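To start, the structure under review is shown below, and the notes come after it.
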Amino acid sequence: MHDNFQKQTYRNRCYIYGANGKQLLSVPVVHSHGKGRQKTKDVRIDNSFRWQINMFRSLEASYRSSPFFEFYEDDIRPVFEKKYEYLLDLNLASIEVVNECLGLDIDHVSTEAFQLEEYPSDFRYLVNAKSKQVFEMEPYIQVFQSKFGFLGNLSVLDLLFNEGTNALHYMEAHRSLLEMK
């Protein structure tokens with residue numbers, strides 16, 4: 001919450017597997033031009049256009065024919081229907097919905113200040129979209145795989161819509177990738 005917001009990170013973007021390959025989905029944010037650093041908790045979403053409708057339509061176009069889209073659609077849709085003022089609120093709601101879909105019960109704790117020293121692992125490097133971190137994952141069946149092959153490092157929604165209830169087992173099997181970094 002109290003980390004400085006950095007542009008071009010996965011805090012406001014993700015990639016999905018579209019009909020033409022890897023497709024970027026980005027939540028528009030209001031930048032604090034000339035006002036110095038902005039805390040992550042203070043980043044506002046630019047709701048001046050209908051980005052949520054466009055984003056959900058992109059998900060539908062990409063995953064409507066996947067095995068589990070319809071199974072999770074009603075759980076995920078509300079995130080794209082509610083107007084969020086702050087990016088952090090959207091991100092926390094998204095994490096909560098994905099955790100519910102995966103059957104995870106994870107409590108989050110909000111900090112009152114930036115406290116890196118108190119945490120044994122610093123995973124902030126994972127949100128840096130510029131670093132092009134590539135995690136070699138075992139392929140699973142994807143909707144457009146016959147067209148472009150397996151694409152890894154996509155949104156967890158790709159895994160969820162394609163693997164369904166097996167998604168959590170898949171992630172647990174690949175947990176060691178984070179521990180090695």
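Taking the numbered list (1) aliphatic (A, V, I, L, M); (2) more than 14 Å from the chain's Cα centre (by Cα); (3) modelled with pLDDT of 90 or more in turn, Leu159 passes all entries but (2).
Here's the yes/no breakdown for (1) open to solvent by 40 Å² or more (accessible area, probe 1.4 Å); (2) closer than 18 Å to Thr40 by Cα; (3) at pLDDT 80 or above:
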{"site": "Glu100", "(1), (2), (3)": "yes, no, yes"}
{"site": "Leu104", "(1), (2), (3)": "yes, no, yes"}
{"site": "His108", "(1), (2), (3)": "yes, yes, no"}
{"site": "Phe114", "(1), (2), (3)": "yes, yes, no"}
{"site": "Pro139", "(1), (2), (3)": "yes, no, yes"}
{"site": "Gln145", "(1), (2), (3)": "yes, no, yes"}
{"site": "Phe148", "(1), (2), (3)": "yes, no, yes"}
{"site": "Leu154", "(1), (2), (3)": "no, no, yes"}
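Answer yes or no: is there a residue in the range 53-75 that is open to solvent by less than 30 Å² (accessible area, probe 1.4 Å), touching a Lys or Arg at 6+ places or on another chain (Cβ under 8 Å) and touching a residue at least 24 places away in the same chain (Cβ under 8 Å). Within the range 53-75, one or more residues are open to solvent by less than 30 Å² (accessible area, probe 1.4 Å), touching a Lys or Arg at 6+ places or on another chain (Cβ under 8 Å) and touching a residue at least 24 places away in the same chain (Cβ under 8 Å). The requirement of being touching a helix residue (DSSP H, G or I) at 6+ places or on another chain (Cβ under 7 Å), assigned to a loop (DSSP other than H, G, I, E, B) and modelled with pLDDT of 95 or more is fulfilled somewhere in the range 76-94, by at least one residue. Against the criterion of being at negative phi, part of a strand (DSSP E or B) and open to solvent by 50 Å² or more (accessible area, probe 1.4 Å), Lys41 does not qualify. In contact with a helix residue (DSSP H, G or I) (Cβ under 6 Å, 6 or more places away or on another chain) and at pLDDT below 80 - does that describe any residue in the range 19-37? No; the residues of the range 19-37 include none that is in contact with a helix residue (DSSP H, G or I) (Cβ under 6 Å, 6 or more places away or on another chain) and at pLDDT below 80.
Residues of the range 76-88 that are of a type outside the set (Phe, Trp, Tyr) and either under 19 Å from Leu159 (Cα atoms) or buried (at least 17 other Cβ atoms within 10 Å of the Cβ) (or both): Ile76, Arg77, Val79, Leu87, Leu88. Sort out which residues of the range 11-38 are open to solvent by 70 Å² or more (accessible area, probe 1.4 Å) and either more than 21 Å from Leu92 (Cα to Cα) or under 16 Å from the mean Cα position of the chain (by Cα) (or both), and write them in order of number. Correct list: Asn20, Lys22, Leu24, His33, Gly34, Lys35, Arg37.
All of Ser58, Ser66, Ser48 fail the test of being polar (S, T, N, Q) and more than 24 Å from Tyr140 (Cα to Cα), apart from Ser48.
Could you tell me whether Ser58 is under 22 Å from Glu85 (Cβ atoms) and among the hydroxyl-bearing types (Ser, Thr, Tyr)? Considered against the rule, which asks whether it is under 22 Å from Glu85 (Cβ atoms) and among the hydroxyl-bearing types (Ser, Thr, Tyr), Ser58 comes out as no.
The values are calculated or read from the model by the stated rules, or taken from the named source; none is laboratory data. Quick caveat: nothing in here was measured; it's all calculated off a predicted structure. A quick note on method: Cβ atoms are made from the backbone with ideal geometry, for glycine too, and the neighbour counts reach across all protein chains shown. Calculation scope for accessible area: heavy atoms of the full protein, side chains included, ligands and nucleic acids excluded. Shrake-Rupley method; radii C 1.70, N 1.55, O 1.52, S 1.80 Å.
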